[in-house]
Amino acid sequence: MKKIRYQLSILICCFLLAAICLLIEKGNIHKEPNAIEVAAGTNGNYIKWVDFNITYEALCTAYDLDVGSYEAPVHLNWIELLAYAGAKGGGSFDKSSVSLMQKLAKELSEGETTIDKLTKDMEYYDYYYEAYDAVLGGMVGEYEIEQENETGEKVWKKVYGLKAFSPIARGFEYSDYDDFGSSRSYGYKRPHLGHDMMGQIGTPIIAVESGYVEALGWNQYGGWRIGIRSFDGKRYYYYAHLRQNFPYALDLKEGSVVTAGDVIGYMGHTGYSKVENTNNIETVHLHWGLQLIFDESQKEGNNEIWVDCYALTRFLYKNRSLTEKNEETKEWFRCFQMKDPAVTAYEQSLEGRS
């Protein structure tokens, strides 16, 4: 009889454990956010990991609410909206997240409350704001850009909105899918920490955000590649597998300042070789990655933070840089120049140091 009771108790425990797991999977039991890791550094505490799970729909909703309210009495901040939804959902986004941001936007716009009041005692809001600001902080703001008027002349126009660009120039088609984290085996087994965009050799590659060239040259994994750092130091953009023999814009070098929308290089399939200028990648594509850096110790090594750029790539499709070819030099250049205040501020800071 004791043996039967023992077996029965084991069955009951297994049943309860299975039921709890099922509830957690369905989201009926609150899960602690698994993205939150903070460490102490020489300059204070810093974030150790970020799971960037914001959907395309959520990005579009928050962005539209921000831009649509730019001249309104209450200007909504898209990162605040996203951070609020992220804190409420433990870093997960779905259709209810969009509704939540729309409801929040209405309350803020009508003056019923403020974001500071709503988030004063909200656990993890500050974390999500800092994390999402690290990803998106340089992408929306004021800038000036050339546009064609009714007579076809180029005129400068002041704009508020998306000042980051798709990494593929307008008019050049590509295919992609969410491949972040998939397995790679060259050299050693490792996850894919970027986003691949398949296209044609020579497709102009565009600077997503303004910044300065931190790395340029050959890497046996990425082939000819470019690394561009945002001016605030939080983002490192990595563009890899560039074209054999003619990978970069001719005037590009380490330290060069680039403006979002500039042509920086050309698509190819170099890499997977210790021998420079070798095409060892089977499929022609751009690999672009976005690394977050909260502390310089995270730049290289085991503490790197790379985020899934699939939804972000879809979002950036809204803004593609139109280019034209110089038949003499075979280079491509942007058609419409842009004045980014972030570039001006950075160049002035360099002058101040000299």
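Observations on the structure shown:
- Our note on the geometry: Cα centres of region 286-354 and region 51-65, 20 Å apart.
- Taking every C-alpha pair closer than 8 Å and separated by at least 6 residues, the mean separation divided by the residue count of region 201-354 gives a relative contact order of 23 percent.
- Proximal lysine pairs, region 70-187, alpha carbons under 24 Å, eight or more residues apart or interchain: 11
- Whether region 57-202 is rounded, prolate or oblate, judged on the alpha carbon gyration tensor where a/c under 1.5 counts as rounded: oblate
- Taking each DSSP H run with n ≥ 4 as -39500 (n - 2.57) and averaging over every residue of the chain yields -9000 deg cm²/dmol at 222 nm.
- What region 258-327 shows is 41 Å² of accessible area per residue, with the surface traced by a 1.4 Å probe over protein heavy atoms.
- Alpha-carbon Debye profile of the chain, log10 I(q)/I(0) at 0.12 Å⁻¹: -0.96
- Shape category assigned to region 290-354 from the gyration tensor of Cα positions, a/c cut at 1.5: oblate
- Solvent exposure of THR259, expressed as accessible area, is near 20 Å², computed with a probe of 1.4 Å over the protein chains only.
- Rounded to the nearest 20 debye, the dipole magnitude of region 105-196 is 440 debye, with +1 charges on Lys and Arg beta carbons, -1 on Asp and Glu beta carbons, and the Cα centre as origin.
- Qualifying GluC sites (Glu not before Pro) for region 257-296 [loop in DSSP, other Cβ within 10 Å: at most 13]: GLU276, GLU282
- Helix 95-109 and the longest principal axis of the C-alpha atoms of the chain enclose an angle of approximately 70°.
- Element breakdown for region 152-310 at a 1.4 angstrom probe: carbon and sulfur atoms account for 46% of the accessible area.
- The angle between the Cα long axis of helix 78-89 and the main principal axis of the chain comes to about 20°, on a 0 to 90 degree scale.
- Segment LYS330-THR113, extension gain: residue separation times 0.36 nm, minus the distance between their alpha carbons: 72.5 nm
- GNM on the chain, alpha-carbon springs under 10 angstrom: the most fluctuating residue among GLY152, GLY161, GLY194 is GLY152.
- Exposed trypsin sites (Lys or Arg not before Pro) absent: longest stretch of the chain, with sites in DSSP loops and at most 13 other Cβ within 10 Å deemed exposed: 32-119
- Classified by the C-alpha gyration tensor, region 58-126 has an oblate form. Its axis ratio a/c, with a ≥ b ≥ c, is 1.5 or above, and a/b does not exceed b/c.
The values are calculated or read from the model by the stated rules, or taken from the named source; none is laboratory data. Since the model is a prediction, treat every value here as computed from it, not as a measurement. So basically every Cβ, Gly included, is an ideal-geometry build from the backbone, and we count neighbours across all protein chains shown. For accessibility, only protein heavy atoms count, side chains too; no ligands or nucleic acids. Shrake-Rupley method; radii C 1.70, N 1.55, O 1.52, S 1.80 Å.
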